[in-house]
Amino acid sequence: MNSHKKHFQAFIYLQVLVLIVSLFFYNYDLKLAGAFSGKFSIWVFWIVAIPGILQRFRVKNKLQKIQLFLMKYRRYLGIIVFNFAFIHFMWMRGLDIIATGLPSSIPLYQVFGVIALVLLTPLFLTSNNYSVKKLGKFWKTLHTLVYPTMFLLVLHTSFQGLDYALIYGLPSAIILVIQIYSHIYVSKIQKSK
Ligand code: HEM
């Protein structure tokens with residue numbers, strides 16, 4: 001196994017360890033850290049979208065090097081996205097829910113966040129060689145769930161106010177549009193052949 005893979009794996013184990021340890025040190029400061037975990041999750045999610053887009057546009061030179069590097073570690077990055085999102089959920093709301101039960105009302109932006117997390121779950125669970133082999137073509141179909149997830153993240157962040165809409169919602173929406181456009185671009189090229 002190469003050293004990059006080892007580093008990614010070590011980071012994933014660290015995320016799991018931090019989450020487990022946090023269960024024993026539940027306090028208000030975790031909410032602040034939870035917001036950071038949400039930021040990291042969305043940033044890495046954007047990065048994970050890049051190699052697919054670059055591949056569909058058949059980029060060359062430096063961009064192709066970036067594409068190949070990210071493609072190679074995309075599965076690890078995807079797991080990191082999920083772990084950050086899950087930690088974000090646990091520290092922002094999950095631990096409160098375990099301690100005091102479900103709140104009587106849930107703001108709409110959190111509902112969007114929960115659905116995004118639920119959609120990321122099958123992607124997380126199938127991010128391993130065994131699932132790729134077992135699911136065959138369906139694995140790719142399953143991974144189209146990243147598009148509704150990106151859309152839900154546009155809603156999750158934008159429904160929190162204009163500043164979040166500009167910082168997180170707008171870049172997510174732009175990436176989603178480019179993803180969809182790159183798909184149309186590829187199918188046009190295939191049809192014209
Ligand atoms: C894929 C799943 C998710 C991602 C990527 C995500 C991402 C984010 C981001 C980027 C922010 C803005 C953070 C900041 O700058 O302060 C945020 C805020 C927030 N999210 Fe999520 N989120 C997700 C799911 C959830 C879920 C499931 C919940 C809980 C039900 C949740 C609850 C919150 C709350 C309460 C805030 C407001 C933080 C504040 O007060 O500043 N999120 N989320």
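A search for C-beta distances below 7 Å between a residue of region 75-88 that is over 17 Å from LYS5 (Cα atoms) and within 12 Å of the ligand (Cβ to nearest atom) and any residue that is among the hydroxyl-bearing types (Ser, Thr, Tyr) and open to solvent by less than 20 Å² (accessible area, probe 1.4 Å), counting only pairs 6+ apart in sequence or on different chains, returns PHE84/SER37; PHE84/SER41; ALA85/SER41; ILE87/SER37; HIS88/SER37; HIS88/SER41.
Taking each residue of region 113-135 that is among the basic types (Lys, Arg) and looking for partners that are at pLDDT 95 or above with beta-carbon atoms closer than 6 Å, six or more apart or interchain, yields nothing.
Hand me the list of helices (runs of 4 or more DSSP H) wholly inside region 100-148 holding 2 or more residues that are within 11 Å of the ligand (Cβ to nearest atom). Passing ranges, in order: 108-125.
Here VAL146, VAL132 are screened, and the one residue that is aliphatic (A, V, I, L, M), more than 15 Å from GLY52 (Cβ to Cβ) and touching a helix residue (DSSP H, G or I) at 6+ places or on another chain (Cβ under 9 Å) is VAL132. For the condition loosely packed, with under 13 Cβ neighbours inside 10 Å, more than 30 Å from PHE24 (Cβ to Cβ) and among the aliphatic types (A, V, I, L, M), LEU176 does not qualify.
Take MET150 and decide whether it is buried (at least 16 other Cβ atoms within 10 Å of the Cβ), over 21 Å from GLN15 (Cβ atoms) and of a type in the set (A, V, I, L, M). Against the criterion (buried (at least 16 other Cβ atoms within 10 Å of the Cβ), over 21 Å from GLN15 (Cβ atoms) and of a type in the set (A, V, I, L, M)), MET150 qualifies. Only a single item in (1) away from the ligand (no atom under 16 Å from the Cβ); (2) modelled with pLDDT under 95; (3) open to solvent by 70 Å² or more (accessible area, probe 1.4 Å) is not met by PHE57, and it is number (3). Taking the criterion of being aliphatic (A, V, I, L, M), farther than 19 Å from LEU70 by Cβ and open to solvent by less than 70 Å² (accessible area, probe 1.4 Å), the residues of region 22-51 that qualify are LEU30, ALA33, ALA35.
The values are calculated or read from the model by the stated rules, or taken from the named source; none is laboratory data. Predicted model only: the values in this text are computed from it and were never measured. Note: ideal-geometry Cβ built from the backbone for every residue, glycine included; neighbour counts use all protein chains shown. Just the protein is used for accessible areas: all its heavy atoms, side chains included, with ligands, DNA and RNA removed. Shrake-Rupley method; radii C 1.70, N 1.55, O 1.52, S 1.80 Å.
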